[in-house]
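K.L.:
Structure provided below as structure tokens; questions to follow.
The values are calculated or read from the model by the stated rules, or taken from the named source; none is laboratory data. None of these values were measured; they are calculated from a predicted model. Every residue, glycine among them, receives a Cβ derived from its backbone with ideal geometry; neighbour counts consider all protein chains shown.
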Amino acid sequence: MLQDLTGVDPKTIPLDDKKTMSLFTSTKALGVEPSQIHSNTGALGIPEFGTKFVRGMLDDTKPTTFEELIRISRVITWYRCVVK
């Protein structure tokens, strides 16, 4: 669906794309200030990463690699299983 909306094939985005990775630590790539979207990161609309809890984790950890994002995702999944 995102490919249809943007015209960008997600398979062509490298896993170490600097602009994409910056969404998890800053709003700069979106061209907005944190105060405009009430978030220090650009992850607000990204499934699994847009909740206040996870955005707080991103603020604390400042991930710079895809591997770190996967680790954070695993923590989220574990947390959801334990809380249920």
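K.L.:
Which condition breaks for Ser22 when tested against (1) surrounded by fewer than 16 Cβ atoms within 10 Å (Cβ to Cβ); (2) free of Cβ contacts under 8 Å to residues at least 40 places away in the same chain?
P.N.:
(1)
K.L.:
May I pose another question? I need the full set of residues from the stretch 23-56 which are under 21 Å from Arg74 (Cβ atoms), among the hydrophobic types (A, V, I, L, M, F, W, C) and not in a loop (DSSP other than H, G, I, E, B), in order please.
P.N.:
Phe53, Val54
K.L.:
Of a type in the set (Gly, Ala, Ser) and under 12 Å from the mean Cα position of the chain (by Cα): which single residue out of Ser35, Ser22 fits that description? Break it down into steps so the answer makes sense when it comes.
P.N.:
Details: Ser35 fails: under 12 Å from the mean Cα position of the chain (by Cα).
Testing whether each residue is of a type in the set (Gly, Ala, Ser) and under 12 Å from the mean Cα position of the chain (by Cα) leaves just Ser22.
K.L.:
Here are some residues: Asp4, Asp9, Asp59, Asp17. Which one is of a type in the set (Asp, Glu), out of contact with any strand residue (DSSP E or B) (no Cβ under 7 Å at 6 or more places or on another chain) and modelled with pLDDT under 90?
P.N.:
On the way: Asp4 fails: modelled with pLDDT under 90; Asp9 fails: modelled with pLDDT under 90; Asp59 fails: modelled with pLDDT under 90.
Within the list Asp4, Asp9, Asp59, Asp17, the selection yields Asp17.
K.L.:
Can you name the residue in the stretch 61-73 that is under 13 Å from Phe49 (Cβ atoms) and either in contact with a His (Cβ under 8 Å, 6 or more places away or on another chain) or of a type outside the set (Ser, Thr, Tyr) (or both) and, of all such residues, is surrounded by the fewest Cβ atoms within 10 Å (Cβ to Cβ)? Walk me through it before giving the result.
P.N.:
Here is the first cut: in the stretch 61-73, the ones under 13 Å from Phe49 (Cβ atoms) are 61, 63, 66, 68-73.
Narrowing further to those that are either in contact with a His (Cβ under 8 Å, 6 or more places away or on another chain) or of a type outside the set (Ser, Thr, Tyr) (or both): 63, 66, 68-72.
On the way: Pro63: 20, Phe66: 15, Glu68: 15, Leu69: 20, Ile70: 10, Arg71: 13, Ile72: 18.
The extreme case among them is Ile70.
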